[in-house]
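Following: one structure in structure tokens, then a few remarks.
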Amino acid sequence: MRIDKYLWCIRYFKTRSIATQACKKGSVRVNGDIVKPSRDVYPGDNITLRKNQINYQIEVLDLPPSRVGAKLVDLYRKDATPKEAFETNEMLQYAKTYYRKKGVGRPTKKDRRDLDDFTESTDDENEV
């Protein structure tokens, strides 16, 4: 079975064309080698997949006949992705969070005062 079709069948990608694009970008490796979308996979192969800043590590257990339901995915792959990868991604999400969401509207009075205080302090440092 082709690697792009396999990744689509086990629900790592929503469409097969997205799986093909990921292979073309070099985000998919089989047994350590960057592969083309037409590369065949066999039971026992180790797949490394970079998606959403996480390096997924998958071991192929069996080849599905077609796209399978979410509950049956574990019959065809073994997920060996370390938990630290998910924790790191979660920490990145917290680092990007602000107290006011981006694009919510104009700055509040407190925001403007903070900006004024910041610009005044940098002007004072430049004069000295």
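Side notes on the structure shown:
- Here K109 is the anchor, and the lysines within straight C-alpha reach of less than 23 Å, apart from those fewer than 8 places off in the same chain, are K96, K101.
- Inter-label distance for K109 and V68, nm, one decimal - labels placed 7 Å from Cα along Cα-to-Cβ: 6.1 nm
- Where a label projected 7 Å from the Cα of E84 along Cα→Cβ would reach, residues of segment 53-70 with amide N under 19 Å: 53-58
- Across segment 75-92, rounded Karplus estimates of 3J(HN,Hα) from the backbone phi angles (6.51 cos²θ - 1.76 cosθ + 1.60, θ = phi - 60°) give 6, 10, 8, 10, 8, 10, 5, x, 5, 4, 5, 6, 5, 5, 5, 5, 5, 5 Hz, Gly and Pro being marked x.
- Compared with the dominant principal axis of the Cα atoms in the chain, helix 16-25 is inclined by about 70°.
- Kirkwood estimate for the chain, i.e. one over the average of 1/r between Cα atoms, Å: 17.9 Å
- Segment Y42-L75, length gained on full extension (0.36 nm per residue, minus Cα span): 10.4 nm
Every number here is computed from the coordinates shown, using simple stated rules; none is lab data. Note that this is a predicted model, so its numbers are computed, not measured. Glycine also receives a Cβ, built like all others from the backbone with ideal geometry; neighbour counts cover every protein chain displayed.
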